[in-house]
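The values are calculated or read from the model by the stated rules, or taken from the named source; none is laboratory data. All figures in this text were calculated on a predicted structure; none of them were measured in a lab. With ideal geometry, Cβ positions are generated from the backbone for all residues, glycine too; neighbour counts draw on all protein chains shown. Surface accessibility is based on the protein's heavy atoms, side chains included, excluding ligands, DNA and RNA. Shrake-Rupley method; radii C 1.70, N 1.55, O 1.52, S 1.80 Å.
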Amino acid sequence: MTQRIYLIGAGMIARTHAAAIKGLPAAEDIQLAVADPNAAMLAAFTKQFPHAQTFADAATMLAEPAAENDIVVIATPPFTHYELACAALRTGRHVLCEKPLAMDRAEARAMLALAREQQRLLGCCSVRYFGWSPFEETRRLLREEILGHIYHVRFTFLEQRNRPGIEYQPETHWFLDQAKCGGGTLMDRAPYEFSLLNRLFQPLRIDVLNAWLSDPVTALSLPDSVVNDVEQHAGATLRYHLQDGSNFIMSYERASGTHSTERADIEISGLNGAIRWDWPSLRARKFLAHTYDRHGQAETKTISFATSYQGHVPFLEKPLHYFYQRVHGQDSPAVVNEQAVFNFSCVRAIYDCANTQQPQTVAWGE
């Protein structure tokens, strides 16, 4: 059966999905279609992918009868995800949505309900860091219970100047408009981080106990017409409730624009030891340090990893590869359905806690 992949949106991120097709099984037989109301964007897309069938709107593209394994990829700004994903699901197709999954928790739950009703998969593209060597080594150590009872996790990733819409993709100003993107650095970057953290610990419930959002002041040269009302530095204290009945506190802090010292690491503290590793970035040291007691003294074993440690599938191609595997019934780390909504809800709950100053709870299957 011929595999059909439909892209909604023809911009930069859509092109990464189109490029990923070459690594899929029987790539030469995959039919690619793309829809975008921007004619110039479509022209640029077809220059790179001349075999793609093009459409000015998604409804026309998806009007043909659905096949069992059709995949629709939503590669548009966040404020369009809910409407476009629901429209695609209603045609009877599986949907892979760029991160963030939605604008709020109500939209995400409605998308999941429709996916269940249609018996289709709803996936999120927040899987690009899966397969990363320090993460996989940490999973192994946790499975072996080497650390003992986990009581605290610290996630800190502070970048001084890497703000979406300013230093990163400065031409894409919707990153700075909360009504279009849902939020700043959390909405753009945290979906990756909570997908990885939740895959690591597999919590049943997460309580956001307190949270804060801030936008440090810097000199900017944005056009007067550009809305800039998002946070670039945020933090939260969360309690993770695990499947074995235990729980731990996580201290989470993320910045894409801050005057604080840059750092990027994760530390997991247990009664029998601790693990610290760096979050992947351009300056990442690519190591894992395991500290434990030896005859009353702290001893640390450090493991270094090669530069290319993202796994067998290229970084940007993972979402489509993993989702394709899941659609075809194969074992895959794809983030779909309940897990996709749970991961997104963790991010959104930080905003809700910060905005209301009230604790928030995210429960599996809510």
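Of the residues contained in the range 10-22, none is found to be open to solvent by 70 Å² or more (accessible area, probe 1.4 Å) and polar (S, T, N, Q). Hey, does the range 235-248 have a residue that's modelled with pLDDT under 95, farther than 28 Å from E299 by Cβ and of a type outside the set (S, T, Y)? No, there is no match, as no residue in the range 235-248 is modelled with pLDDT under 95, farther than 28 Å from E299 by Cβ and of a type outside the set (S, T, Y). Scanning the range 256-264 for residues that are over 25 Å from Y168 (Cα atoms) and either in contact with a strand residue (DSSP E or B) (Cβ under 8 Å, 6 or more places away or on another chain) or of a type in the set (S, T, N, Q) (or both) turns up nothing. Within the range 56-95, being in contact with a strand residue (DSSP E or B) (Cβ under 9 Å, 6 or more places away or on another chain), open to solvent by less than 40 Å² (accessible area, probe 1.4 Å) and either without any contact (Cβ under 8 Å) to a residue 12 or more places away in the chain or farther than 21 Å from E117 by Cα (or both) holds for A58, M61, A75, T76, T80. Is it the case that R283 is within 30 Å of P170 (Cβ to Cβ), modelled with pLDDT under 90 and open to solvent by 40 Å² or more (accessible area, probe 1.4 Å)? So R283 passes the test. Being touching a residue at least 60 places away in the same chain (Cβ under 8 Å) and charged (D, E, K, R) is the filter; apply it to the range 168-191 and report the residue that is most open to solvent (accessible area, probe 1.4 Å). Only one residue fits best here, namely K180. Is it fair to say H259 is touching a residue at least 12 places away in the same chain (Cβ under 8 Å), of a type outside the set (D, E, K, R) and surrounded by fewer than 17 Cβ atoms within 10 Å (Cβ to Cβ)? Yes; evaluated as a whole, the condition is true for this residue. Within the range 209-227, not a single residue is open to solvent by 10 Å² or more (accessible area, probe 1.4 Å) and within 21 Å of C125 (Cβ to Cβ).
Here R120 meets the list (1) closer than 20 Å to L186 by Cβ; (2) touching a Gly at 6+ places or on another chain (Cβ under 8 Å) almost entirely, failing just condition (1). Entry remark, the range 127-154: residues being touching a strand residue (DSSP E or B) at 6+ places or on another chain (Cβ under 6 Å) and hydroxyl-bearing (S, T, Y) number 2 in total. Take the conditions (1) free of Cβ contacts under 8 Å to residues at least 12 places away in the same chain; (2) within 27 Å of A306 (Cβ to Cβ); (3) not aromatic (F, W, Y); A106 misses just one of them, which is (2).
For beta carbons closer than 6 Å, sequence separation of 6+ or different chains, a first residue in the range 124-149 that is buried (at least 18 other Cβ atoms within 10 Å of the Cβ) and a second that is of a type in the set (D, E, K, R) and part of a loop (DSSP other than H, G, I, E, B), the qualifying pairs are C124/K99; C125/E98; C125/K99; S126/K99.
Here is the figure for the range 243-266: residues that are touching a Lys or Arg at 6+ places or on another chain (Cβ under 9 Å) and outside any strand (DSSP E or B) total 3.
It is to be established whether one or more residues within the range 293-311 are at pLDDT 95 or above, open to solvent by less than 30 Å² (accessible area, probe 1.4 Å), at negative phi and aliphatic (A, V, I, L, M). No.
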